[in-house]
1. Give the shape of the chain as rounded, prolate or oblate, defined through the alpha-carbon gyration tensor: a ≥ b ≥ c are the square roots of its eigenvalues, a/c under 1.5 means rounded, and otherwise the shape is prolate if a/b is larger than b/c and oblate if not.
2. Going 7 Å from the Cα of Ala230 toward and past its Cβ, which residues in segment 238-277 have a backbone nitrogen under 17 Å from where you end up?
3. Using a basic spin-label model with each label point 7 Å from the Cα along Cα→Cβ, how many nm lie between Arg100 and Thr78?
4. Within segment 52-70, which residues have the backbone N less than 20 Å from the label spot 7 Å out from Ala133 along Cα→beta-carbon, could you tell me?
5. Enumerate the lysines that Lys22 could reach by cross-link, defined here as Cα to Cα under 19 Å, with residues fewer than 8 away along the same chain left out.
6. Ranking request for peptides 44-56, 109-121: highest mean number of other beta-carbon atoms within 10 Å first, then the rest in descending order.
7. Along the charge dipole of the chain, pointing to its positive end and built from +1/-1 on Cβ of Lys, Arg, Asp and Glu, which listed residue (Ala233, Ala157, Gly202) has its Cα farthest out?
8. Given Cβ point charges of +1 (Lys, Arg) and -1 (Asp, Glu) and nothing else, what value in debye, to the nearest 20, does the dipole of the chain about its Cα centre take?
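Each value in this text was obtained by applying a stated rule to the coordinates, not by laboratory testing. What you see is a predicted model; the values in this text were computed from it and never measured. Reconstructed Cβ throughout: ideal geometry from the backbone, glycine too, with neighbour counts over all protein chains shown.
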Amino acid sequence: MPVAGACLMLALGFAACDSSHKQRDAERIRELNEIPIAQLRVMLKGFPGEWRADSDAIRGKHEPPYGKPVPPGAKLITLVPPTQLRLGDMPVRDAIASRRSIREFADDAIFPEELSYLLWATQGITAVQRDEAGGIVQRFRAAPSAGARYPLETYIAISRVQGVAAGIYRYLPNEHQILLVREDAEVSGKLMTACYGNPAIGSAPVVFIWSATPYRTEWKYTYLAHRMIAMEAGHACENLCLAAVSCQSGVCPMLSYHQPKVDELLGLDGQDEFTIYLACVGKPKGEEK
Ligand SMILES: Cc1cc2nc3c(=O)[nH]c(=O)nc-3n(C[C@H](O)[C@H](O)[C@H](O)COP(=O)(O)O)c2cc1C
């Protein structure tokens, strides 16, 4: 087939693919609009009376793991240990008072120590409970979690962190490491496209992306789980906001993202694990050092 013909076929293929995406999006939006508002509000309400769960936990079903497995041979980067961090000694009151959503970022890269601090502040391990034999019973994290179920995974899209290749990484709280999901020099542009071209995403050196694995919480709390998970993403993001301010960085929390596109970028199935919150992080523009 002549080159021009092949290009035309390819272009038509992409156009068809794009229009089927748009059709699927439109159907999904129609479906969501048809859910009665009262039904949607149920998710925000507590249980009227004593809560009796018919949960998998009570039925004795196997407890789901707290984190995703580490694939064999995965590239892992060990972060600056929390005990060695010298950042974040701003009084909490000052951090709360000076936090503002930041949408324009300087070209500066983030230093590895700051990345370590921000990850620790959002989902890092802050206490370990042991049994009499010294075995670990429970690890506690920087942000609260209903029933200590920890349904969130933290992904980071790195564009400019000193000494770290651009790409998508996943935080491993227990090891305080990041796992390389995929190196990608174009990650910033791809994520910006998946967030409707939002320039804040494109200019941020790092974007935090939290996913939810609902079953970790549903296992114990069934229909109460979804409200809890949304709140927990808020807790993690607020910790990030305050920790960032305490090291002269800024954050903008983001919910305007195309669900299937961001899930696809992270390699999530969109069903058992999906994106629920994003936050761009960096040095505010105009305050370059
Ligand atoms: C759940 C949530 C979602 C948000 N989503 C976006 C967003 O998609 N884009 C954006 O520019 N800001 C977003 N924001 C930031 C708000 O616009 C911002 O918090 C608000 O304007 C108040 O400003 P402040 O954060 O500086 O106090 C979001 C904030 C929250 C809490």
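1. On the way: a/c = 1.57, a/b = 1.12, b/c = 1.40.
Oblate, because a/c is 1.5 or more while a/b does not exceed b/c.
2. 238, 254-257, 259, 274-277
3. It is 4.1 nm.
4. 63
5. Correct list for Lys22: Lys190, Lys261.
6. Ranked by mean Cβ neighbours within 10 Å, highest first: 109-121, 44-56.
7. Comparing the listed Cα positions along the dipole, Ala233 ranks first.
8. Details: 31 positive and 33 negative charges, 80 e Å.
Using only the charged Cβ atoms, the result is roughly 380 debye.
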